[in-house]
1. Rounded to whole Å and ordered largest first, report the semi-axes of the equivalent ellipsoid of chain A derived from its Cα gyration tensor (root of 5λ).
2. If I stretch the segment between residue B:134 and residue B:92 completely, what's the gain in nm (0.36 nm per residue apart, minus their alpha carbon distance), one decimal?
3. Once you put a point 7 Å from the Cα of residue B:4 and another 7 Å from the Cα of residue B:44, both along the Cβ direction, what distance in nm separates them?
4. In Å³ and rounded to a whole number, note down the convex hull volume per residue for the Cα atoms of region A:145-188.
5. Around residue A:43, with a cut-off of 14 angstrom between Cβ atoms, what is the net charge of the other residues, counting Lys and Arg +1 and Asp and Glu -1?
6. So, with +1 on the Cβ of K and R and -1 on the Cβ of D and E, and no other charges, what is the size of the charge dipole of the protein assembly as shown about its Cα centre, to the nearest 20 debye?
7. If the limit is 27 Å between Cα atoms, which of B:29/B:130; B:29/B:54; A:183/B:174; A:13/A:37; B:114/B:177; B:53/B:114 go over it?
8. If all Cα-Cα distances of region B:68-180 are sorted into 5 Å bins from 0 onward, what percent lands in each bin, rounded to whole numbers?
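Bear in mind these aren't lab numbers, they're just calculated from the coordinates by the rules spelled out. The model shown is predicted, which means the values in this text are computed figures rather than measured ones. For neighbour counting, all protein chains shown are included, and Cβ atoms are generated from backbone atoms with ideal geometry for every residue, glycine included.
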Amino acid sequence: MNTKCLHNVNSSKMAEVHIVGQIVGASGFPDHSLFCKWGINTGGAWKALAGLREGQTQVDTPQQHDAAYWAHPIDIHYATKGLQGWPKIHFQVWHQDSFGRNELYGYGFCHVPTTPGMHEIECPTWRPSGSFKEQVSQYFLGGGPQLKNPDLIYSGADRYRLHTIAMGSVHVRLGVILRNFDKYGIEC
Amino acid sequence: MSQSSVFLLMVGGQIESAEFPDFDDIYCKYCFTFGPDWLVTSGLDEGLTQVTKKSRDDRQQFVWNFPLDITFKTTNPFGWPQLIVHAYGIDAFGTDVVRGYGVTHVPITPGRHKIRIPMFVPESSSQLQKLTAWILGRRPEYVDVRVLAQGEGREVTRVRSQGFLTVSFNVVMKDMKKLGYDVIPSEMSTSVIPESVGPNSGGTTET
């Protein structure tokens with residue numbers, strides 16, 4: 001299951017980043033039965049050596065509590081020649097109803113932490129809100145506007161035209177291991 | 001020029017307790033999964049706990065206090081070990097049914113960590129299947145639990161989360177800093193932290 005694009009030998013001494021953690025779950029959404037599509041996006045100088053860069057969690061319907069729990073593991077190994085384009089992890093939270101229809105519940109992203117160690121991150125999410133007519137039909141029928149280009153989740157380029165509404169938050173527990181960063185004089 | 005490219009990870013800890021509000025008489029099976037570059041040098045990577053009942057007070061807790069002790073050797077942090085715990089209980093008809101699966105990574109920083117893992121069970125795909133499962137005591141289970149430690153193949157499963165499990169870890173590493181890996185921020189590795197979570201493993205801080 002490991003996609004080893006490049007077998008990196010010790011002697012090359014590139015700066016490396018390991019991201020080891022899991023998408024724990026989400027809370028604050030209006031309904032249960034949620035799943036999450038996630039992906040990690042980096043700049044051009046970064047190369048993924050091993051691990052999956054995107055995926056989709058299971059659908060969770062919690063028994064007692066309001067939060068959904070996925071415990072989806074993330075294990076990625078990057079090598080990099082520059083700091084630009086530090087990895088960002090983005091999420092799309094979807095709701096699956098009893099008929100099997102999927103409805104978008106939120107978009108969110110956060111930067112992978114730059115300091116080594118364990119981090120608990122709570123990433124807020126938002127959903128595009130349509131016109132008043134669309135909001136009424138969304139209330140009765142479900143569905144609703146989605147982004148045509150999912151790059152907008154983690155880029156600021158054309159956001160000024162969007163109207164959005166806040167949704168719940170995604171909880172992530174990430175561990176970051178850095179290698180050889182001090183040899184290049186990077187303090188983090 | 002020959003330097004060892006291996007570092008060690010020693011994990012001690014315990015499967016402490018759990019909360020399952022609806023069930024009683026539960027035991028756990030656990031296993032550690034890891035990537036292809038990892039090797040277990042000592043300790044057990046699988047085991048079975050005792051069967052315990054819920055406490056009769058307000059906490060309604062299941063306590064196992066089950067020791068975990070394992071040491072890994074590896075050349076590459078990719079495939080960092082994960083602990084998979086599956087809890088089984090006895091249903092109304094006396095058969096063993098699965099009460100929850102939980103998975104978590106072993107923490108990557110040295111020190112003491114206490115983690116609360118949510119436990120979930122796969123759901124039957126239809127109401128009829130749910131009824132047959134309840135009558136026959138054959139609930140949906142994972143054929144190979146190690147699929148929980150991978151990121152693929154989980155998107156087609158529907159689960160129901162019920163309950164939490166508390167695990168504590170004590171993590172020690174050897175030679176990670178020598179190989180150039182940083183698991184704690186650089187300004188912390190040269191100062192002394194007054195609390196009990198000490199990052200002073202590995203001893204020497206040479207530049």
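1. Details: eigenvalues 231, 67, 38 Å².
With the √(5λ) rule applied to chain A, the semi-axes are 34, 18, 14 Å.
2. So the chain would gain 14.2 nm between residue B:134 and residue B:92.
3. About 2.7 nm, to one decimal.
4. Each residue corresponds to 164 Å³ of Cα convex hull volume.
5. Net charge around residue A:43: +3.
6. Around 680 debye, computed over the protein assembly as shown.
7. A:13/A:37, as the Cα separations exceed 27 Å there.
8. Distribution as computed: 2, 9, 17, 19, 16, 12, 9, 6, 5, 2, 1, 0 percent.
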